[in-house]
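Novice: Got a structure for you, questions after.
The values are calculated or read from the model by the stated rules, or taken from the named source; none is laboratory data. Since this is a predicted model, take the numbers as computed values, not measurements. Quick reminder, even Gly has a Cβ in these numbers, built from the backbone with ideal geometry, and neighbours come from all protein chains shown. Accessible surface is based on the protein model in full, side chains and every heavy atom, while ligands, DNA and RNA are left aside. Shrake-Rupley method; radii C 1.70, N 1.55, O 1.52, S 1.80 Å.
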Amino acid sequence: MGIVGAGPAGLTLGNLLQQAGIPCVVLERGSREYIETRPRAGVMEHRAVQMLSRHGLADRLLQEADRHGACEFRVDGQAYEVDYSSLYDGQTHYVYPQQEVVKDLVAAFVNGGGDVRFDVQDVALHDIESPAPSLTWTTADGTREKLDCAFIAGADGFHGVTRRSIPPGAIQEFSHQHGIEWLSILAEAPPSTHKVIYALHPDGFAGHMLRSATVSRYYLQVPVDDTVDNWSDERVWAELHKRLALRDSDWSLTEGRIIEKRILDMRSHVVEPMNHGSLYLLGDAAHIITPVGAKGMNLALHDAEVLATALTGYHRTGDDTGLRSYSEVCLRRVWRAQEFSQWMVFMIHRSPEPFLSRLGQARLEHLIGSGASAGYFAQNYVGP
Ligand code: PHB
């Protein structure tokens with residue numbers, strides 16, 4: 001098995017295959033240090049943690065992650081809490097930064113004798129429509145190497161080479177630009193909240209998300225085509241203070257050193273089917289989702305579990321049922337998540353079109369005021 005990409009999807013797959021005794025090689029463009037320190041997502045669903053735990057991959061996570069079962073919506077300076085855990089079987093989110101997940105998965109794979117090649121360049125896929133595909137790449141010292149395999153897993157992200165190796169016409173791509181942009185900020189600041197905050201303000205959405213006791217993530221809705229250069233640290237904090245403010249409360253936002261500022265394009269993209277010939281796509285290589293609802297890493301882990309189960313079944317008995325249904329099983333979860341993320345995007349942003357803006361407001365009021373709507377939210381947010 002050749003796995004392209006050492007992110008959460010590729011590494012989870014690698015670990016599960018290794019545990020099943022299926023030989024695999026993981027190729028990664030970045031260095032080990034780069035992938036182990038690159039901050040990205042930070043929210044894991046209950047079932048993703050359970051899956052890792054079943055495979056002995058969640059020991060440190062279970063010790064160190066904070067569990068969260070409630071979030072807060074702030075509207076016109078008023079706070080409304082939604083206790084989603086109590087509405088959905090007591091299931092919680094686990095807050096554990098993606099780079100820590102990656103660190104744990106690399107360590108487990110390498111300690112189990114796994115083969116990861118870091119710093120590889122110019123990865124190319126060959127004969128993916130045959131049962132004997134291969135991968136070639138250039139190592140850091142300039143040598144060209146080759147791996148013959150039975151299957152290739154493409155877990156190399158949205159801009160990776162694997163999806164682009166599929167001939168045009170063999171897959172259908174569904175894309176949607178949500179017409180919104182977020183400025184994503186990471187700061188060395190202790191959290192000013194115990195729960196994720198979604199704030200709706202006339203000037204745009206603001207979010208306060210959690211990472212650790214010393215680092216926090218914030219988001220600001222910014223005009224489409226805005227650039228990071230327009231956002232000095234002073235402007236970021238002023239805007240966060242304004243949009244997150246609570247009326248009649250002594251709540252305040254603790255500032256810290258900003259360590260990352262990025263513009264996030266709010267785009268969704270889904271590839272159907274998620275496989276072609278001997279190539280199986282996972283995670284962002286097959287689907288990207290807006291960050292709203294924090295589903296991206298969870299979908300990637302689900303893909304890895306489904307593919308590992310299918311490959312293990314095939315390896316043991318020659319039964320390829322799991323491989324044939326891989327795409328369909330994953331896509332069901334992917335589209336469920338896309339629908340929910342879109343539902344939330346619409347609810348927490350105010351559309352420039354006044355009618356749509358009022359619909360978004362009605363959706364949030366229904367969520368805050370109705371048990372049935374809160375139940376829908378809880379099920380999709382932490383589950384389903
Ligand atoms: C995050 O932690 O980055 C996060 C959490 C919840 C969201 C979106 C992003 O809805």
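Novice: Using 10 Å bins from zero, what percent of all Cα-Cα pairs in the stretch 13-76 falls into each bin?
Specialist: Calculated P(r), rounded to whole percents: 15, 34, 36, 10, 4, 1.
Novice: OK, next. Could you tally the net charge around LEU61, taking each other residue with its Cβ under 12 Å from the Cβ of LEU61, Lys/Arg +1 and Asp/Glu -1? Could you put the intermediate results ahead of the total?
Specialist: Values: positive: ARG60, ARG67, LYS103; negative: ASP59, GLU64, ASP66, GLU100, ASP104.
Taking every other residue near LEU61 into account, the sum is -2.
Novice: With +1 on each Lys and Arg Cβ and -1 on each Asp and Glu Cβ, how big is the dipole of the chain about its Cα centre, in debye rounded to the nearest 20? It would help to have the intermediate numbers written out before the result.
Specialist: Details: 35 positive and 48 negative charges, 85 e Å.
About 400 debye.
Novice: Treat each spin label as a single point 7 Å out from the Cα along the C-beta direction, and report the GLN172 to ASN111 distance in nm.
Specialist: The answer from the label model is 4.5 nm.
Novice: May I have the extent of the alpha carbons of the stretch 226-268 along their three principal axes, as whole Å values ordered from largest to smallest?
Specialist: Its Cα atoms span 36, 27, 15 Å along the three principal axes.
Novice: Using a 1.4 Å probe, what is the accessible area per residue for the chain, in Å²?
Specialist: Spelled out: the 1.4 Å probe surface of the chain, per residue, equals 43 Å².
Novice: A further question on this structure: Can you send over the carbon and sulfur percentage of the accessible area for the stretch 119-159, probe radius 1.4 Å, protein chains only? List each step's numbers first, then the result.
Specialist: Values: 1060 of 2110 Å².
That fraction is 50 percent.
Novice: Rg and Dmax of the stretch 93-199, Cα atoms, in Å?
Specialist: Both quantities, over Cα of the stretch 93-199: 19.5, 54 Å.
Novice: Given the C-alpha atoms of the stretch 193-350, compute the convex hull and give its volume per residue in Å³. Intermediate results must be reported in sequence, preceding the final value.
Specialist: On the way: hull volume 23.7 nm³, N = 158.
So the per-residue hull volume is 150 Å³.
Novice: Also: Tell me the volume per residue, in Å³, of the convex hull enclosing the alpha carbons of the stretch 308-384.
Specialist: Residue-normalised Cα hull volume stands at 106 Å³.
Novice: Something else: What FRET efficiency, computed as 1/(1 + (r/R0)^6) with R0 = 41 Å and r the Cβ-Cβ distance, is obtained for ALA372 and THR37, rounded to the nearest 0.05?
Specialist: Calculated value: 0.40.
Novice: Evaluate the distance, in nm, between pseudo-label points positioned 7 Å from the Cα of ALA150 and of GLN50 along their respective Cα→Cβ axes.
Specialist: With each label point 7 Å from Cα toward Cβ, the separation is 3.0 nm.
Novice: Taking +1 at the Cβ of each Lys and Arg and -1 at the Cβ of each Asp and Glu, which of PHE355, THR321, ALA310 sits farthest along the dipole of the stretch 302-368 towards its positive end, judged by Cα position relative to the Cα centre?
Specialist: PHE355
Novice: Separate question: Taking the Cα atoms of the chain alone, what are Rg (to one decimal) and Dmax (as a whole number) in Å?
Specialist: 21.3, 67
Novice: Per 5 Å bin from zero, what fraction in whole % of the C-alpha pairs of the stretch 193-257 is there, up to the bin with the longest pair?
Specialist: All Cα pairs considered, the percentages come to 3, 15, 28, 27, 18, 7, 2, 0.
Novice: Shifting gears a bit: Convex hull over the Cα atoms of the stretch 1-125, averaged projected area in nm²?
Specialist: If I average the Cα hull's projected area over directions, I get 10.1 nm².
Novice: Would you compute the Debye intensity of the stretch 139-265 from its alpha-carbon atoms alone, equal scatterers and no solvent, and pass along log10 I(q)/I(0) at q = 0.15, 0.16 Å⁻¹ to two decimals?
Specialist: Results for the stretch 139-265 at q = 0.15, 0.16 Å⁻¹ read -0.81, -0.86.
Novice: In Å³ and rounded to a whole number, note down the convex hull volume per residue for the Cα atoms of the stretch 88-143.
Specialist: Here the figure is 203 Å³ per residue.
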